[in-house]
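Notes follow the structure.
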């Protein structure tokens, strides 16, 4: 039996076998269970995503004003050297002040485990063939939809953070030859323009939805 008004949990602790990956406890509901299909991913993976997204967002908040200032400045050749040195000092300070993050390049949702969650007792049932090694531990999982929502929110920050960071790295590391400062400045401007042409960087502090509502149309029954 399934409760169409049940709200699927975002995060849940489930008794899990470290050997085969089975979930659930032997005790069952007194009466009929209210079962709902639940796609779960490791909570550690979600926490790593959240941490990386926060750091990427902070780097973007620190780096974006410098990239915009680079785009808005058009110094003459005579003034370019001093302007370049000043911009390089600002970039160096920003790079030193920001914390690096786990830049995996292509963040994707990890493989999901399918379980059947009971809205009455909170148990998640996911039997697996036993491999002869039974080690049961309380394990934290998160709803796949929560992970995907966090990934969608962080996508632009993950795209922009390394691109803008590399521009600042070049600004700090490269010293233009005499008479070529403007050429170097324009090259950095082109790179900054490409890095900033995506959607507007998201503000720090965006929070995920607190829960996922099960609609009548999408409620899935075990067969």
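Bear in mind that the values in this text are calculations on the coordinates, not laboratory data. Source: prediction; values computed, not measured. For neighbour counting, all protein chains shown are included, and Cβ atoms are generated from backbone atoms with ideal geometry for every residue, glycine included.
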Response to the item:
For 82-92, 161-171, ranked highest to lowest by mean beta-carbon neighbours within 10 Å, the order is 161-171, 82-92
Practice prompt. Work out, step by step, the length gained on full extension between residue 128 and residue 97: first 0.36 nm times the residue separation, then minus their alpha carbon distance; give nm to one decimal.
Written response: 6.3 nm
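Please report 14, 172, 133 as a ranked list, fewest other C-beta atoms within 10 angstrom at the top and most at the bottom. Intermediate results must be reported in sequence, preceding the final value.
Numbers: 14 22, 172 18, 133 9.
With the sparsest Cβ surroundings first, the list reads 133, 172, 14.
Using the count of nearby Cβ atoms within 10 Å as a rough guide to exposure, how do 146, 40, 151 rank from fewest to most?
Values: 146 22, 40 26, 151 16.
Going from sparsest to densest Cβ surroundings: 151, 146, 40.
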Discussion item. Could you tell me the relative contact order of region 7-198? Use alpha-carbon pairs under 8 Å, at least six residues apart, and round to a whole percent.
Written reply: 43 percent
Response to the item:
If the chain between residue 106 and residue 120 were fully extended at 0.36 nm per residue, the gain over the current Cα-Cα distance would be 1.2 nm
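At R0 = 41 Å, how high is the FRET efficiency between residue 194 and residue 32 if r is their beta carbon distance? Nearest 0.05 is fine.
On the way: r = 58 Å, r/R0 = 1.42.
Once rounded, the FRET efficiency stands at 0.10.
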Response to the item:
Taking a ≥ b ≥ c as the square roots of the Cα gyration tensor eigenvalues, with a/c under 1.5 meaning rounded and otherwise prolate when a/b beats b/c or oblate if not, region 40-106 comes out prolate
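If we count other beta carbons within 10 Å of each Cβ, what is the order of 156, 96, fewest first? Numbers along the way, then the final one.
Working: 156 17, 96 8.
Ranked by crowding around the Cβ, least crowded first: 96, 156.
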Fill in: Stretch gain in nm, segment residue 173-residue 82, where the contour uses 0.36 nm per residue and the Cα spacing is subtracted
31.2 nm
